[in-house]
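A short write-up of the structure that comes next.
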Amino acid sequence: MSMDSQTPILEVRDLKMHFPVKEGVFMRTGKYNKAVDGVSLSLRPGETLGLVGESGCGKSTLGRCIARLYQPSSGQILFQGQDISTWSRKQLMPVRRDIQMIFQDPMESLNSRHTVGDIIEEPLLVQKMGDGPWRKRRVLALLDLVGLPARSVTRYPFEFSGGQRQRIGIARAIALNPRLIICDEPVSALDVSIQSQILNLLIDLQKELKLSYLFIAHDLAVVKHISDRIAIMYLGKIAEIGPGEAVYGAPNHPYTQSLISAIPVPDPHHRSSRVVLSGDVPSPIDPPPGCSFHTRCPRATDICREQTPQLEVHGAGAAQTTAACHHI
């Protein structure tokens, strides 16, 4: 299916992922962990959407739902115009070529008993692409593309550094020429000196292979470097979404403002205007009524405790973002 640059390659509509919580002697489902609780977003071809939030906000769960590693509780996942949210494993097989994931910890996501060559070749075997000699050539080409020597094919993951292992994971992710890659905190487990190398590799591959990225991270500085648009997530919901420059330069939601204020500035003369939040993140099993952020928000009033705010457009032009807050 051909798509122009304005038609979303991915649309998520009111997506929910509620995990049952077993309680009591008979382990009956009494409550639900509302990890993702009504998320809507879109992603255009060739675009990078950064997804940011504190640990436990549901961003990785959202990514796994989109990749259909989880069966969502409700909502729609439209990939290239087709709703894949309820597709069976057999129906999803051809879609797997176009949606791939890069995981946070390359050591955990790579099979330590397989050689690098076997790891990268596996998706080609599962999708029954080419013959043996073609697949071997393809593996060597992929290794070269991610900056690893050809001799890596006979070695095992434990013989590589963390950055090199993530390059192996990236090679596996691009093996099938996907359209969309979900990057689940791909640099958070790496040394700072290696992070920029991996980010630059992802940027180069995006340009060369015309990839779209959903880039999940908790580090706003990292997300700013790679993202065209940024979505801020809090307790299973989107708090604010907009162009990167607008979200960083003029954030509207108080939660976004707090996250932006926490980014270190490499200037000893800069006086920080840090917005410090009180309290802890509520449990997604028993979220507060109304706005889920009201228990920590300095602007909270009675309406915040009673009514859930909807995402609304704020600002104009390049400074326009969409935020869910009663007091903007």
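Taken across segment 159-168, residues that are at pLDDT 95 or above and under 28 Å from Arg44 (Cβ atoms) do occur, with at least one present.
Would you call Ser112 surrounded by fewer than 18 Cβ atoms within 10 Å (Cβ to Cβ), hydroxyl-bearing (Ser, Thr, Tyr) and closer than 26 Å to Val222 by Cα? No.
Hey, any hits in segment 312-326 for a residue that's of a type in the set (Asp, Glu) and crowded, with 19+ Cβ neighbours inside 10 Å? No. Taken together, Arg179, Arg172, Arg151 contain a single residue that is without any contact (Cβ under 8 Å) to a residue 12 or more places away in the chain and under 23 Å from Leu124 (Cα atoms), which is Arg151.
Scanning segment 122-139 for residues that are under 17 Å from Gly169 (Cβ atoms) and either touching a residue at least 40 places away in the same chain (Cβ under 8 Å) or of a type outside the set (D, E, K, R) (or both) yields a count of 5.
From the set of residues in segment 119-139 that are in a helix (DSSP H, G or I), surrounded by fewer than 17 Cβ atoms within 10 Å (Cβ to Cβ) and among the aliphatic types (A, V, I, L, M), which is farthest from the chain's Cα centre (by Cα)? Only one residue fits best here, namely Leu125.
Please enumerate the residues belonging to segment 154-174 that are of a type in the set (A, V, I, L, M, F, W, C) and under 24 Å from Thr61 (Cα atoms).
So the first thing to find is which residues in segment 154-174 are of a type in the set (A, V, I, L, M, F, W, C), and the list is 158, 160, 168, 170-171, 173-174.
Answer for segment 154-174, where residues must be of a type in the set (A, V, I, L, M, F, W, C) and under 24 Å from Thr61 (Cα atoms): Ile168, Ile170, Ala171, Ala173, Ile174.
If you go through segment 176-195 and keep only what is in a helix (DSSP H, G or I) and in contact with a helix residue (DSSP H, G or I) (Cβ under 8 Å, 6 or more places away or on another chain), you end up with Ile194, Gln195.
A Cβ distance below 6 Å, combined with a sequence gap of six or more or placement on separate chains, defines the contacts here; from segment 288-306, residues that are on the phi > 0 side of the Ramachandran plot reach residues that are surrounded by 18 or more Cβ atoms within 10 Å (Cβ to Cβ) in the pairs Gly290/Cys304. Those helices (runs of 4 or more DSSP H) of segment 13-118 in which at least 1 residues are within 25 Å of Asp280 (Cβ to Cβ), considering only elements entirely within it, cover 59-66.
Being touching a strand residue (DSSP E or B) at 6+ places or on another chain (Cβ under 9 Å), under 13 Å from Ile102 (Cα atoms) and of a type in the set (A, V, I, L, M, F, W, C) holds for only one residue in Ala217, Ala189, and it is Ala217.
Rundown of residues vs (1) within 21 Å of Val247 (Cα to Cα); (2) basic (Lys, Arg), yes/no style:
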site: Phe26; (1), (2): no, no
site: Lys31; (1), (2): no, yes
site: Ser42; (1), (2): yes, no
site: Gly46; (1), (2): yes, no
site: Leu49; (1), (2): yes, no
site: Gly53; (1), (2): yes, no
site: Cys57; (1), (2): yes, no
site: Gln71; (1), (2): no, no
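Checked against the criteria, Leu10 does not count as surrounded by fewer than 17 Cβ atoms within 10 Å (Cβ to Cβ), among the aliphatic types (A, V, I, L, M) and more than 26 Å from Ser258 (Cβ to Cβ). Checking each residue in segment 44-59 for being of a type in the set (Ser, Thr, Tyr) and surrounded by fewer than 21 Cβ atoms within 10 Å (Cβ to Cβ) picks out only Ser55.
The values are calculated or read from the model by the stated rules, or taken from the named source; none is laboratory data. Keep in mind it's a predicted model, so treat the numbers as computed, not measured. Heads up, the Cβs are rebuilt from the backbone with ideal geometry, glycines too, and the neighbour counts pull from every protein chain shown.
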